[in-house]
1. In segment 152-189, which residue that is surrounded by 15 or more Cβ atoms within 10 Å (Cβ to Cβ) and at pLDDT below 85 is farthest from residue 484 (Cα to Cα)?
2. Checking residue 440 against (1) at positive phi; (2) in contact (Cβ under 8 Å) with a residue 24 or more places away in the chain: exactly one of these is not met. Which one?
3. Would you pick out the residues in segment 398-420 that are assigned to a loop (DSSP other than H, G, I, E, B) and within 15 Å of residue 358 (Cα to Cα)?
4. Every residue in segment 167-189 that is outside any loop (DSSP other than H, G, I, E, B), over 27 Å from residue 244 (Cα atoms), touching a helix residue (DSSP H, G or I) at 6+ places or on another chain (Cβ under 9 Å) and touching a residue at least 60 places away in the same chain (Cβ under 8 Å), please.
5. Do we find that residue 470 is in contact with a helix residue (DSSP H, G or I) (Cβ under 9 Å, 6 or more places away or on another chain), under 30 Å from residue 61 (Cα atoms) and modelled with pLDDT of 95 or more in this structure?
6. Can you report the number of residues in segment 228-273 which are surrounded by 17 or more Cβ atoms within 10 Å (Cβ to Cβ) and either at pLDDT below 85 or in a loop (DSSP other than H, G, I, E, B) (or both)?
7. Residue check: is residue 440 crowded, with 17+ Cβ neighbours inside 10 Å, modelled with pLDDT under 95 and assigned to a helix (DSSP H, G or I)?
8. Residue check, residue 306 against (1) out of contact with any helix residue (DSSP H, G or I) (no Cβ under 9 Å at 6 or more places or on another chain); (2) under 21 Å from residue 210 (Cα atoms), all met but one. Which one?
């Protein structure tokens, strides 16, 4: 009984502490909102047109409930098709729109903006917080290693047969025995297995323990950052702690292998990172963060891209037939057990156009955030220092000025001349373009090759709703009936 009372008192104290912290934060946000508003008024800024300047009120819920595409298009029409203001995730935010806006933000304004993430997404970066080390420093260092390791052409080419081998194995075990497959969970499973193989050197049977942790962590990344028992955010923090310990254990074991065996320790990204001459610049926690930051986008965005590519192939038989023809020509030029290589992937031109058109219609990511480090002047308005800036593909992807009949699925848009610069940028562009672009391209093409060779696909829910939780996902997982060739 005494323990029960103590437990209740402990929970009561925890709740009281949380309420006190919440009230303090609310008071601060109210004070900050009004202070910021009057400071801007006193400076006579011409702010971007848009919603309330009070971020505490915000439009975050509307953003996710209506969907980012509808939200952005409505405000572009109502306020401005160049830049508008909103309040998201507790922040005053400018959404820069159109090709000119994309070019300005992603290519021209890099000296005036820095990467930024909402509080809920910073839970990973808390691994490496320390005095004198800003998150900007961590972003910069992580990006440097992304570019140094991932962007090496010789490494990318070597990934292709590994991707092909694991995809064949995945279809054999997770597709062949079944008449119906849920495509979204299946695509997540293979992207995680491939990431674990290429990044950590682990075999598929060793990766299942990461699946739940990644899923729960991703749910927490886009939830309210309320750290109370039972909340999505609290569960995510616990799973992230598990991931951190798992990765630290793997790193310690791999360091020992590298010390003993050198180059023979492995060709995966972790081994190559530890062998890099600059590896000493990263702590074990920074390496762990670096590895997770490689794997998370694949698990979320690349799996979303695969899912919606297969969705459009199932909906559009004439597109499927063209992709099938191209992929069978490649398959017939090889022995049955011979794996795909760099030369094969280069031949998948029509297939890549189909993937691009699928990503135009359903972008695998909502966009990216920046923070204004100084007052930014654009399109006749001022984005004040400290405001956050959102770039999103939804401002251009269905603009008829750039893409005639934008609702039609037409892969020929990407034949010959490329679309107008800065209008189709699913991987961003400029100095901060996603370093995993080619990795994702190869993975989606290899997966498409193997699926269309084996099956025709039939959607079982014709009008399945698309939801957003960070990126897009089908509400019921996109169940498909498989029709083997």
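1. Top of the filtered list is 155.
2. Here residue 440 clears every test but (1).
3. Answer for segment 398-420, where residues must be assigned to a loop (DSSP other than H, G, I, E, B) and within 15 Å of residue 358 (Cα to Cα): 398, 403, 405, 406, 407, 408, 409, 410, 415, 419.
4. 167, 168, 171, 181, 183
5. So residue 470 fails the test.
6. 6
7. Yes; evaluated as a whole, the condition is true for this residue.
8. With (1) out of contact with any helix residue (DSSP H, G or I) (no Cβ under 9 Å at 6 or more places or on another chain); (2) under 21 Å from residue 210 (Cα atoms) applied to residue 306, the lone miss is (1).
The values are calculated or read from the model by the stated rules, or taken from the named source; none is laboratory data. Because the structure is a prediction, the values reported are computed rather than measured. Heads up, the Cβs are rebuilt from the backbone with ideal geometry, glycines too, and the neighbour counts pull from every protein chain shown.
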